[in-house]
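*Asks:* Can you keep this structure in mind? I'll have questions shortly.
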Amino acid sequence: MDSVFWSRVLTETTLAFHIIWATIGVGVPVFISLAEYWGIRTKDPHYILLARRWTRGFVITVAVGVVTGTCIGIMLSLLWPKFMQLAGNIISLPLFMETFAFFFEAIFLGIYLYTWDRFKKPIIHWLTSIPIIIGSTMSAVFITMVNAFMNTPAGFTIAADGKLMDIDPIAAMLNPATPSKVAHVVSSAYLTSGFLLAAIAAYHILRGNKHAYYKKALRLTMIAGLIFSLLTFVAGDISGKFLAKYQPAKLAAAEWHFETQSEAPLYFGGVLDKETNEVHYAIKIPNALSILAGNSTKTEVIGLNDIPKENHPPLYIHYLFDIMVAIGVYLALVSAVFLYCWWRKKGSEWNKWLLSAIILGGPLSFIAIECGWIFAEVGRLPWIITGIMRVDKAATTSDSVALMTILFSILYLILTIVALVVLNRLFKNQPAEAELENMLAGEQKG
């Protein structure tokens, strides 16, 4: 229970909390923009109302995300001072650019909020949503570049005294991990936000509210859900090939793969016998790991037995990987089934079991996000910067981290309660049906 342990606990707690709000902050602007554009194109007030209401909820999540994001910035310096001392000069540029991207988003969010019905041509207002998407997405891109650097450090040379010299911030940002990590983070954020909004609409319909507002919301989010689920699978495939090349220990630990071989099988689930390294009760897919690693059954996949044991990640990340993949498949299937039922035009898409499955997809998508980030971070252990600095060499030696963990956990709990109460009152006191009537009445008067 030393400072390293508590530093990890506090960092993991903060990231686990922040990633929920950050994911919503990245993905929801896309759906706001889609809804408003389609509403303008079809002159359908339901989609305009969707954009309005989603924007109100989005503002609350942004506020919470700012607090937790600030906490992460503070913790990098307080909890991991040796890491910042070594790598601060390299990662300072993407950290600055992330802050710039946030302010860029915030400026246009303010413009977007306060210019409803201010333009003769509604399309001008919609155009102000594009910078919001750019700002929120680029904020995720820049902070992911920092994480990518920690996985495949680049853009420097190491001096005899261990300091990093000849720093090239651009090369550091565009390190080998950046393409796969950015693609996976952004696509999964869009997918998760889509299923969050879909789950809300499905919940109202399942409760007996058949208003067209909720039906159109569900159809829009399910179309996007299928598209983004497929893009996430593509990003996941790219990530698998990246791991095979640059982080074989993480891939091997994720798949309980011990012997270096071609035609390597992939195990889903199961129980590992740590004495014999045999996997029991798992679903074994022949050749699948080799195909994931290199698109060929002949691809040789490095096993854990050829990697020093002190560099092995925790083997429980196998379950995190399986949960993430299983939920991804579930989300793709649910959205595909809904769209198929809608295509048949028999009303079967409003089946209670299908609606329940969509509602379940909301929390499941966030569980997948959490598992994915834990897998990404824990799978890098024992390194905080792969091959350069280990976690136990980077943490603070302060004795007060345990107390900080308790205080920050209380803060996150309070933020959650406040955010949920505000969101509940924001929408419960003004149902969509009543707001739509008021909006249409106002347009007629105008």
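The values are calculated or read from the model by the stated rules, or taken from the named source; none is laboratory data. Because the structure is a prediction, the values reported are computed rather than measured. Here the Cβ positions follow ideal geometry from the backbone for every residue, glycine too, while neighbour counts run over all protein chains shown. Surface accessibility is based on the protein's heavy atoms, side chains included, excluding ligands, DNA and RNA. Shrake-Rupley method; radii C 1.70, N 1.55, O 1.52, S 1.80 Å.
*Asks:* Output the residue which, of all residues in the stretch 255-305 that are among the polar types (S, T, N, Q) and under 28 Å from the mean Cα position of the chain (by Cα), is least open to solvent (accessible area, probe 1.4 Å). Give the steps one after another, and end with the answer.
*Replies:* Filtering the stretch 255-305 down to residues among the polar types (S, T, N, Q) leaves 260-262, 276-277, 287, 290, 295-297, 299, 305.
Restricting the remaining residues to those that are under 28 Å from the mean Cα position of the chain (by Cα) gives 290, 295.
On the way: Ser290: 0, Asn295: 109 Å².
Result: Ser290.
*Asks:* If you don't mind, there's one more thing I want to ask. Please work out which residue is nearest to Ile133 (Cα to Cα), limiting yourself to the stretch 23-45 and to residues that are open to solvent by 30 Å² or more (accessible area, probe 1.4 Å) and assigned to a helix (DSSP H, G or I).
*Replies:* Our first condition is that a residue be open to solvent by 30 Å² or more (accessible area, probe 1.4 Å); within the stretch 23-45, this holds for 34, 37-38, 40-43, 45.
Filter once more, keeping what is assigned to a helix (DSSP H, G or I): 34, 37-38, 40-42, 45.
Values: Leu34: 11, Tyr37: 14, Trp38: 16, Ile40: 18, Arg41: 19, Thr42: 22, Pro45: 22 Å.
Filtering first and then ranking leaves Leu34.
*Asks:* Going by the conditions given, is Tyr213 out of contact with any Cys (no Cβ under 7 Å at 6 or more places or on another chain), open to solvent by 20 Å² or more (accessible area, probe 1.4 Å) and not β-branched (Val, Ile, Thr)? Before you say what the answer is, go through the steps one by one.
*Replies:* On the way: out of contact with any Cys (no Cβ under 7 Å at 6 or more places or on another chain): yes; open to solvent by 20 Å² or more (accessible area, probe 1.4 Å): no; not β-branched (Val, Ile, Thr): yes.
When the stated conditions are applied, Tyr213 does not pass them.
*Asks:* Can you tell me which condition Ile143 does not meet? The list is (1) open to solvent by 60 Å² or more (accessible area, probe 1.4 Å); (2) over 20 Å from the mean Cα position of the chain (by Cα), and all the others hold.
*Replies:* (2)
*Asks:* Could I ask something else about it? Select from the stretch 130-168 the residues that are of a type in the set (S, T, N, Q) and modelled with pLDDT of 90 or more and write down the one among them that is farthest from Tyr246 (Cα to Cα).
*Replies:* To start, the set of residues in the stretch 130-168 that are of a type in the set (S, T, N, Q) comprises 136-137, 139, 144, 147, 151-152, 157.
Now restrict to residues that are modelled with pLDDT of 90 or more: 136-137, 139, 144, 147, 151-152.
On the way: Ser136: 29, Thr137: 26, Ser139: 25, Thr144: 17, Asn147: 15, Asn151: 9, Thr152: 7 Å.
Top of the filtered list is Ser136.
*Asks:* Looking only at the stretch 103-122, count every residue that is in a loop (DSSP other than H, G, I, E, B) and open to solvent by 100 Å² or more (accessible area, probe 1.4 Å) and tell me the total.
*Replies:* Going residue by residue through the stretch 103-122, those that are in a loop (DSSP other than H, G, I, E, B) are 115-121.
Checking the rest, the ones that are also open to solvent by 100 Å² or more (accessible area, probe 1.4 Å) come to 117-118, 120-121.
Total meeting the criteria: 4.
To keep it simple, each residue is scored yes or no on (1) small (Gly, Ala, Ser); (2) modelled with pLDDT under 90; (3) more than 19 Å from Ser180 (Cβ to Cβ).
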| site | (1), (2), (3) |
| --- | --- |
| Asn277 | no, yes, yes |
| Ile283 | no, no, yes |
| Ile302 | no, no, no |
| Ile307 | no, no, yes |
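*Asks:* To continue, here is another question. In the list Leu320, Leu355, Leu333, Leu364, which residue meets the criterion of being outside any loop (DSSP other than H, G, I, E, B) and surrounded by fewer than 18 Cβ atoms within 10 Å (Cβ to Cβ)?
*Replies:* Working: Leu320 fails: surrounded by fewer than 18 Cβ atoms within 10 Å (Cβ to Cβ); Leu355 fails: surrounded by fewer than 18 Cβ atoms within 10 Å (Cβ to Cβ); Leu364 fails: surrounded by fewer than 18 Cβ atoms within 10 Å (Cβ to Cβ).
Of Leu320, Leu355, Leu333, Leu364, the one residue that is outside any loop (DSSP other than H, G, I, E, B) and surrounded by fewer than 18 Cβ atoms within 10 Å (Cβ to Cβ) is Leu333.
*Asks:* Is the stretch 382-405 home to any residue that is out of contact with any Phe, Trp or Tyr (no Cβ under 8 Å at 6 or more places or on another chain), in a helix (DSSP H, G or I), open to solvent by 50 Å² or more (accessible area, probe 1.4 Å) and among the charged types (D, E, K, R)?
*Replies:* Checked the stretch 382-405: at least one residue is out of contact with any Phe, Trp or Tyr (no Cβ under 8 Å at 6 or more places or on another chain), in a helix (DSSP H, G or I), open to solvent by 50 Å² or more (accessible area, probe 1.4 Å) and among the charged types (D, E, K, R).
*Asks:* Right, next: What are the pairs with Cβ atoms under 7 angstrom where one residue, in the stretch 255-268, is touching a residue at least 12 places away in the same chain (Cβ under 8 Å) and the other, located anywhere, is outside any loop (DSSP other than H, G, I, E, B) and of a type in the set (Gly, Ala, Ser)? Sequence gap at least six, or different chains.
*Replies:* What qualifies is Ser262/Ser290; Glu263/Ser290; Ala264/Ser290; Pro265/Ala288; Leu266/Ala288.
*Asks:* Let me ask another. Do we find that Val325 is part of a helix (DSSP H, G or I), of a type in the set (Val, Ile, Thr), surrounded by 15 or more Cβ atoms within 10 Å (Cβ to Cβ) and in contact (Cβ under 8 Å) with a residue 12 or more places away in the chain in this structure?
*Replies:* Working: part of a helix (DSSP H, G or I): yes; of a type in the set (Val, Ile, Thr): yes; surrounded by 15 or more Cβ atoms within 10 Å (Cβ to Cβ): yes; in contact (Cβ under 8 Å) with a residue 12 or more places away in the chain: yes.
So Val325 fits the description; yes.
*Asks:* Of the residues that make up the stretch 46-68, is at least one part of a helix (DSSP H, G or I), more than 27 Å from Leu320 (Cβ to Cβ) and touching a His at 6+ places or on another chain (Cβ under 8 Å)? Even if it seems obvious, please write down each step before you answer.
*Replies:* Restricting attention to the stretch 46-68, the residues satisfying the condition of being part of a helix (DSSP H, G or I) are 46-68.
Adding the requirement that they be more than 27 Å from Leu320 (Cβ to Cβ) leaves 46-60, 62-63, 66.
Checking the rest, the ones that are also touching a His at 6+ places or on another chain (Cβ under 8 Å) come to none.
For the stretch 46-68, residues part of a helix (DSSP H, G or I), more than 27 Å from Leu320 (Cβ to Cβ) and touching a His at 6+ places or on another chain (Cβ under 8 Å): absent.
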